[in-house]
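The values are calculated or read from the model by the stated rules, or taken from the named source; none is laboratory data. Note that the coordinates shown come from a computational prediction; the quantities given were computed from them, not determined experimentally. Cβ atoms come from the backbone with ideal geometry, glycine included; neighbour counts cover every protein chain shown.
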Amino acid sequence: MTNGTLYIVTCGAPLASRVGDGVRAAREHGWTPYVIPTDAALPWLEGQDLADAPVLTGNRRPGDPRRTPEADAVAVVPTTFNTLNGWANGNANTYPLTVLCAALGSRTPTVAIPFAKSDLAGHPAWLASLAVLRYAGVGICDPHNGSATSLRPLESGTGDQVAGDFRWDWVFTELERMTRNDS
């Protein structure tokens with residue numbers, strides 16, 4: 001079974017250390033993955049086995065052809081405070097944010113795994129941005145347990161543990177639910 005093209009957008013937080021696992025899980029679920037890191041995520045990708053998945057950085061040059069097929073789905077794992085707020089506000093000032101804003105505008109099924117500590121998650125912009133993204137149809141899953149109905153911020157110093165316990169199946173279960181409901 002082939003599900004199509006999956007963009008895996010990743011931001012600079014401990015969960016980015018699991019992108020290689022996400023690439024392999026995507027393929028197991030029938031997706032063709034493309035990795036799109038923020039600048040802050042690049043150091044987290046160093047040394048990971050991305051199983052030859054293309055890693056796309058920076059905007060293409062004028063006249064260059066598209067580097068990817070259109071996305072059939074997008075997984076944002078993890079999404080940080082900065083990226084989530086920029087995305088919800090329509091700021092397309094980086095390649096990953098342009099990809100996310102375009103996916104939102106085209107109603108491409110998208111799942112996001114927010115990854116923010118309590119102090120940032122307590123900021124009013126965070127809650128407002130989550131509400132905007134949910135309203136627009138983005139599936140939001142808790143990085144602790146995959147819940148699509150609740151979201152807990154990270155306690156300071158627990159990022160590596162939460163990343164280690166994270167299951168990529170949570171992303172694919174939510175994508176499957178979203179694409180099944182769109183049919």
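So the values come out like this:
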item: Number of the condition not met by Gly47 [criteria: (1) within 20 Å of His144 (Cα to Cα); (2) surrounded by fewer than 19 Cβ atoms within 10 Å (Cβ to Cβ)]; result: (1)
item: Selection status of Phe172, buried (at least 22 other Cβ atoms within 10 Å of the Cβ), aromatic (Phe, Trp, Tyr) and more than 20 Å from Leu45 (Cβ to Cβ); result: yes
item: Ala75 being in a loop (DSSP other than H, G, I, E, B) and at pLDDT 90 or above; result: no
item: Members of segment 19-67 found to be farther than 16 Å from Pro78 by Cβ and polar (S, T, N, Q), listed by number; result: Thr32, Thr57, Asn59
item: Check on Gly12, part of a helix (DSSP H, G or I), surrounded by 14 or more Cβ atoms within 10 Å (Cβ to Cβ) and either on the phi < 0 side of the Ramachandran plot or touching a Pro at 6+ places or on another chain (Cβ under 6 Å) (or both); result: no
item: Residues that are touching a Ser or Thr at 6+ places or on another chain (Cβ under 8 Å) and either in contact (Cβ under 8 Å) with a residue 60 or more places away in the chain or part of a helix (DSSP H, G or I) (or both), drawn from segment 87-101; result: Trp87, Ala88, Tyr95, Pro96, Leu97, Leu100
item: Residue in segment 112-120 that is out of contact with any His (no Cβ under 7 Å at 6 or more places or on another chain), part of a strand (DSSP E or B), within 20 Å of Trp31 (Cβ to Cβ) and free of Cβ contacts under 8 Å to residues at least 40 places away in the same chain present; result: yes
item: Filtered residues of segment 27-56 (kept if closer than 14 Å to Thr68 by Cβ and either of a type in the set (A, V, I, L, M, F, W, C) or out of contact with any strand residue (DSSP E or B) (no Cβ under 7 Å at 6 or more places or on another chain) (or both)); result: Trp31, Val35, Ile36, Ala53, Val55, Leu56
